[in-house]
Amino acid sequence: HTLGGLLPGMKPESMQHITSILDVACGPGIWTVELARRQPKISVVGVDTSESMIAYARRLSQQQAMGNAAYLTIPSFAEPFPFAEASFDLINMQFIAKFLKKDDWPHLLSACWRLLRPGGLLRLTEFEVGQVNSPAHEELNQLFLHAMHLADRCFLLSDRYPDLPDEAEHLCGGTIAFLIALE
């Protein structure tokens with residue numbers, strides 16, 4: 001809701017051409033289940049490296065009788081996904097920069113481009129560290145960004161956000177729609 005809906009910025013008429021969606025790093029499946037509920041004619045697949053998250057997502061989907069949602073545990077986001085080429089009209093990733101190492105991005109984006117149908121859309125929603133007037137909160141933000149850099153999760157040591165939008169288009173050689181959300 002805070003981000004402006006499930007697919008903010010997408011016009012309802014653009015949904016008419018979408019038949020399948022992949023949600024990368026779906027976690028507990030909240031977004032996937034809600035999208036499947038609202039778009040019953042669209043097949044939605046969620047993938048995650050966490051077996052417990054996928055188990056939870058499956059239970060949630062079964063409880064809500066979502067026949068158009070499926071979930072799969074994958075070993076890594078840096079390896080090819082077990083789907084045929086051009087399988088999806090839309091690939092969605094939300095807040096993945098916190099746990100994906102920067103060296104894994106080219107592999108992930110390459111896999112996503114392989115899975116997209118011609119004219120498909122890759123949606124990447126990421127966070128930005130907001131600016132506040134509290135010195136303690138600002139120091140905490142800087143510590144967080146420094147920790148992200150030390151953990152190899154940032155491309156550059158930025159003062160506000162982990163600079164993914166600037167680097168991603170260079171990494172994948174394509175155009176990506178970004179939605180930056182304040183955290």
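Coordinate-derived values only; no laboratory data. Remember, predicted model here, so these are calculated numbers, not experimental data. Counting neighbours? That spans all protein chains shown, and the Cβs are built from the backbone with ideal geometry, glycine included.
Cross-link partners for Lys41 among the lysines, with Cα-Cα distance under 27 Å and sequence neighbours closer than 8 places in the same chain left out: Lys11. The chymotrypsin sites (Phe, Trp or Tyr not before Pro) of region 50-112 meeting both criteria, a DSSP state outside H, G, I, E and B (loop) and at most 15 other C-beta atoms within 10 angstrom of the site's C-beta, are Phe95, Phe99. For Ser43, nonlocal amide neighbours, meaning residues 5 or more places apart or on other chains whose placed amide H falls under 5 Å from its own, are Ser20, Ile21. For region 3-106, the C-alpha radius of gyration divided by 2.2 N^0.38 Å, with N the number of residues, is 1.05.
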